[in-house]
Amino acid sequence: MISDGLREYDLILASASPRRRQLLEEAGLSFRAATVDFREVWPPDLRGSEIAEFLAEGKALAWNEDIMPGQIIITADTVVWCHGTVLGKPADAAEAAQFLRLLSGCEHEVITGMCLRSSNKKITFSVTTRVTFRELSDEEIVYYIEKYQPLDKAGAYGIQEWIGLRGITRIEGSYYNVVGMPVSDLYTRLLDFTGYKKAES
């Protein structure tokens with residue numbers, strides 16, 4: 001049984017991602033899910049973690065309902081940063097193939113920006129994981145896209161799927177960040193945000 005003060009709060013995960021919802025459920029966090037209407041565009045001068053944090057904070061600020069005392073809005077956005085280029089969710093199968101060819105045989109960064117917003121404060125942060133793919137053949141790329149349809153995933157791949165099992169040779173950092181949510185980092189930040197750690201010490 002988890003004995004933490006977070007159960008006293010109304011945590012709202014403002015995300016349509018089924019993977020993020022599943023990860024929070026498996027971590028034992030009590031929350032409810034919602035969505036926000038936000039257009040994922042960013043200033044052209046931003047890079048890497050700046051983009052992920054900008055999008056996460058933008059989603060939090062797009063929450064258009066009153067935030068009551070005890071409520072915390074949680075938003076997130078994941079981007080893949082490779083060769084100085086951001087890879088978001090591919091528009092179609094052709095772009096998915098283009099993304100995977102860029103990732104083939106090289107290291108890239110998976111960055112999740114997160115924002116916590118309450119009625120009186122807000123924090124934004126990001127978590128980065130470095131992932132390395134071996135060289136992927138065109139046949140493997142086409143097979144993966146046709147079978148798994150990864151159009152809802154940043155960088156056009158899911159580490160937990162076939163291509164991750166077959167193609168990823170190295171990972172530095174949080175595995176769950178690549179799946180969609182750095183849950184351990186989020187949990188620690190929530191404890192700090194609510195002051196539970198200070199009250200406990």
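Read-outs throughout are calculated quantities, based only on the coordinates presented, and are distinct from any laboratory measurement. It should be emphasised that the depicted structure is a prediction, and the values quoted were computed from it without experimental measurement. Note: ideal-geometry Cβ built from the backbone for every residue, glycine included; neighbour counts use all protein chains shown.
Can you compute the charge dipole magnitude of segment 91-201 about its Cα centre, using +1 on each Lys and Arg Cβ and -1 on each Asp and Glu Cβ, nothing else charged? Give it in debye, rounded to the nearest 20.
720 debye
Could you pull out every residue, at least 5 positions away or on a different chain, whose amide H is within less than 5 Å of the one on L87? Hs are placed 1.01 Å off N in the peptide plane, and Pro or chain starts have none.
V80, W81, C82
Can you give me the orientation-averaged projected area of the convex hull built on the Cα atoms of segment 7-100, in nm²? Can you show the working numbers first?
On the way: hull surface 29.8 nm².
Hull-based average projected area comes out at 7.5 nm².
Segment 70-110: D in µm²/s via Stokes-Einstein (Kirkwood Rh, Cα pairs, 20 °C, 1.002 mPa s)?
So the translational diffusion coefficient is about 181 µm²/s.
Summing Lys, Arg as +1 and Asp, Glu as -1, what charge do residues with Cβ under 9 Å from the Cβ of Y144 carry, Y144 excluded?
-1
Any idea what diffusion coefficient segment 53-127 gets from Stokes-Einstein, in µm²/s, Kirkwood Rh on alpha carbon pairs, 10 °C, 1.306 mPa s?
D = 113 µm²/s.
Counting only other residues whose beta carbon sits under 9 Å from that of R130, what net charge do I get with K and R as +1, D and E as -1? Walk me through the numbers before you get to the answer.
Values: positive: R170; negative: E107, E109, E172.
With Lys, Arg at +1 and Asp, Glu at -1, the net is -2.
Tell me, what ³J(HN,Hα) does each residue in segment 82-94 have, in order and in whole Hz, if you take phi through Karplus 6.51 cos²θ - 1.76 cosθ + 1.60 with θ = phi - 60° and put x for Gly and Pro?
9, 6, x, 10, 8, 10, x, 7, x, 6, 7, 5, 5
Order of 164-171, 124-131 by packing, highest average Cβ count within 10 Å first?
In decreasing order of mean packing, 164-171, 124-131 become 124-131, 164-171.
Return the sequence-ordered ³J(HN,Hα) values of segment 152-167 in whole Hz as given by the Karplus equation 6.51 cos²θ - 1.76 cosθ + 1.60 applied to θ = phi - 60°, using x for Gly and Pro.
For segment 152-167, the Karplus curve yields 9, 10, 4, x, 6, 8, x, 4, 7, 9, 3, 5, x, 5, 8, x Hz.
Per residue of segment 139-149, what does 6.51 cos²θ - 1.76 cosθ + 1.60 with θ = phi - 60° give for ³J(HN,Hα)? Whole Hz please, x for Gly and Pro, Karplus curve as stated.
Taking θ as phi minus 60°, the curve returns 4, 5, 5, 5, 4, 4, 5, 5, 7, 10, 6 Hz for segment 139-149.
So what is the calculated 222 nm ellipticity per residue for the chain, using -39500 (n - 2.57) for each DSSP H run with n of 4 or more, over all residues, to the nearest 500 deg cm²/dmol?
Theoretical 222 nm ellipticity from helices: -10000 deg cm²/dmol.
Extending each Cα 7 Å along its Cβ direction at R47 and T188, get the distance between those two points in nm, one decimal.
So the two model labels end up 2.6 nm from each other.
Using a simple charge model, +1 on the beta-carbon of Lys and Arg, -1 on the beta-carbon of Asp and Glu, nothing else, what dipole does segment 132-188 show about its Cα centre, in debye to the nearest 20?
160 debye
Of all beta bridges DSSP finds with both residues in the chain, what is the antiparallel percent, to the nearest 5?
Details: 27 of 35 bridges.
Taking every DSSP beta bridge within the chain, about 75 percent pair in antiparallel fashion.
Which one, (1) 1.06; (2) 0.96; (3) 1.37, gives Cα Rg over 2.2 N^0.38 Å as derived from the coordinates shown?
Among (1) 1.06; (2) 0.96; (3) 1.37, the one calculated here is (1).
How compact is segment 107-197 by the rule of thumb for globular proteins, expressed as Cα Rg over 2.2 N^0.38 Å?
Numbers: Rg = 16.2 Å, N = 91, 2.2 N^0.38 = 12.2 Å.
For segment 107-197, the normalised Cα radius of gyration is 1.33.
For the pair V142 and N64, how long in nm is the line joining their label points, each one 7 Å along Cα→Cβ?
Roughly 4.5 nm, to one decimal.
What are the aspartates and glutamates whose alpha-carbon lies under 12 Å from the alpha-carbon of K59, with same-chain residues fewer than 8 places away excluded?
Excluding near neighbours in sequence, the set is D37, E40, D77.
Cα centroids of segment 16-37 and segment 44-91: how far apart, whole angstrom?
What the calculation gives is 16 Å, centre to centre.
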